[in-house]
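K.L.:
Attaching a single structure in structure tokens format; questions to follow.
The values are calculated or read from the model by the stated rules, or taken from the named source; none is laboratory data. Because the structure is predicted, anything quoted here is derived from the model rather than measured. Neighbour counts are summed over all protein chains in view; Cβ atoms, including those assigned to glycine, are modelled from backbone coordinates with ideal geometry.
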């Protein structure tokens with residue numbers, strides 16, 4: 001059974017205008033989320049600034065809470081965990097860059113490096129190990145930010161090309177990944 005077209009008041013429904021609005025919205029969303037790398041790095045730098053002075057901006061933990069936490073881990077084990085975490089973070093980010101997959105993980109990295117600062121602080125080894133955590137975190141966070149920036153930049157350029165072709169009236173081909181671009 002054939003369906004009669006709906007009455008649109010004499011105007012043809014514009015699928016091209018709807019598609020143009022969706023592409024423009026996608027570009028705006030990509031531009032906004034591309035800045036997450038900067039925000040994650042700023043968060044890490046703020047925590048690093050607080051850690052540089054031994055978290056003097058925060059009150060000391062009461063002895064009762066320190067006793068409940070137990071003895072802090074040895075500094076050597078914290079350092080080993082830091083090295084393993086930093087190298088695995090770099091390797092996993094490089095792997096995501098080469099396959100052009102994955103989402104931004106900078107905020108979770110910032111949280112983990114905050115944890116390293118806290119462990120070193122509680123064990124009394126923060127002054128000697130501050131720069132190790134700082135440069136490891138800066139390396140991982142910088143690589144994550146670069147990955148996000150390049151991936152979103154490529155997606156934005158692709159969407160802008162689609163938009164230009166659409167505005168020029170040229171035929172366009174939508175790929176599945178264009179619907180859920182980055």
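K.L.:
Of the conditions (1) loosely packed, with under 11 Cβ neighbours inside 10 Å; (2) touching a helix residue (DSSP H, G or I) at 6+ places or on another chain (Cβ under 8 Å); (3) over 16 Å from residue 119 (Cα atoms), residue 38 clears all except one; give me its number.
P.N.:
(1)
K.L.:
Before we move on, is residue 33 surrounded by fewer than 17 Cβ atoms within 10 Å (Cβ to Cβ), within 30 Å of residue 158 (Cβ to Cβ) and either within 14 Å of the chain's Cα centre (by Cα) or at pLDDT below 90 (or both)?
P.N.:
yes
K.L.:
Next question. Go over the candidates 122, 148 one by one and state the one that is more than 14 Å from the chain's Cα centre (by Cα) and either at pLDDT below 95 or not in a helix (DSSP H, G or I) (or both).
P.N.:
That would be 122, the only listed residue that is more than 14 Å from the chain's Cα centre (by Cα) and either at pLDDT below 95 or not in a helix (DSSP H, G or I) (or both).
K.L.:
Search region 97-109 for residues being in contact with a helix residue (DSSP H, G or I) (Cβ under 8 Å, 6 or more places away or on another chain) and surrounded by fewer than 18 Cβ atoms within 10 Å (Cβ to Cβ), and hand back the single one that is nearest to residue 82 (Cα to Cα).
P.N.:
107
K.L.:
Looking at 87, 112, 44, which one is surrounded by 12 or more Cβ atoms within 10 Å (Cβ to Cβ), under 30 Å from residue 155 (Cβ atoms), modelled with pLDDT of 90 or more and out of contact with any helix residue (DSSP H, G or I) (no Cβ under 8 Å at 6 or more places or on another chain)? Before the answer, list the steps.
P.N.:
Numbers: 112 fails: out of contact with any helix residue (DSSP H, G or I) (no Cβ under 8 Å at 6 or more places or on another chain); 44 fails: out of contact with any helix residue (DSSP H, G or I) (no Cβ under 8 Å at 6 or more places or on another chain).
After applying the criteria, what remains is 87.
K.L.:
For the subset of region 62-83 comprising residues that are surrounded by 13 or more Cβ atoms within 10 Å (Cβ to Cβ) and more than 30 Å from the chain's Cα centre (by Cα), which member is nearest to residue 109 (Cα to Cα)?
P.N.:
72
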